[in-house]
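Structure record follows, encoded as structure tokens.
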Amino acid sequence: MEFGEQIKNLRIKNNLTQEQFAEKLHVTRQAVSNWENNRNLPDLEMLILIAEVFQLSLDTFILGGTHVNTMTQKLIKDGSETRRAKFNLFSIIMGTILLCLGFACFLIKGLSVEYIDDAGILHENFFLLPMGLIFLLAGFTVFLVFATKYLLSLRKN
């Protein structure tokens, strides 16, 4: 059974009009109509509210039987999109941090004072150059991998 049919059956079973059903859930009548006609689907918070208001099991309500319906497909798709978005955000943050560390190494190296002490020993932060290069390379690699994955995902769609 499609999710829209489940909403309509639930509303009719409780002898409610679309307007009354909408009032119980604090949404508009148009939202209920869109749900019933499968033009739109409620979000997860609304599903939980519907289940609480009408004392339903979320399993039965979301799955609607033994086969996968549109709501189940939407929840699965939303979950994978959320994971992908979190991974993308993490990649962007890590790439940005690595690039900033690389530029910081070069900035510190440029601003540091190099001198020879009385014993003739050179004091220089020479290690900052290779570290800066490594951080920059790592940051650019992260962005390159991220951009490649993004372009490939666009190509699949």
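Mind listing whichever residues of region 1-37 are open to solvent by 70 Å² or more (accessible area, probe 1.4 Å), within 28 Å of Thr82 (Cβ to Cβ) and not charged (D, E, K, R)? Across region 1-37, the qualifying residues are Met1, His26, Thr28, Gln30, Asn37. Residues that are β-branched (Val, Ile, Thr) and in a helix (DSSP H, G or I) were ranked within region 1-36; the one that is modelled with the lowest pLDDT is Ile7. For beta carbons closer than 9 Å, sequence separation of 6+ or different chains, a first residue in region 107-119 that is closer than 13 Å to Pro130 by Cα and a second that is charged (D, E, K, R) and open to solvent by 90 Å² or more (accessible area, probe 1.4 Å), there are no qualifying pairs.
Summed over region 104-121, the residues that are exposed (fewer than 14 other Cβ atoms within 10 Å of the Cβ) and either of a type in the set (Gly, Ala, Ser) or under 30 Å from Lys149 (Cβ atoms) (or both) give a count of 4. When Glu124 is evaluated against the numbered criteria (1) surrounded by 12 or more Cβ atoms within 10 Å (Cβ to Cβ); (2) on the phi > 0 side of the Ramachandran plot, which criterion, by number, is the only one it fails? Glu124 satisfies all of (1) surrounded by 12 or more Cβ atoms within 10 Å (Cβ to Cβ); (2) on the phi > 0 side of the Ramachandran plot except (2).
The values are calculated or read from the model by the stated rules, or taken from the named source; none is laboratory data. Everything quoted here is computed from the prediction, not taken from an experiment. Cβ: placed from backbone, ideal geometry, glycine included. Neighbour counts: every protein chain shown. Accessible surface areas use protein heavy atoms only, side chains included; no ligands, DNA or RNA. Shrake-Rupley method; radii C 1.70, N 1.55, O 1.52, S 1.80 Å.
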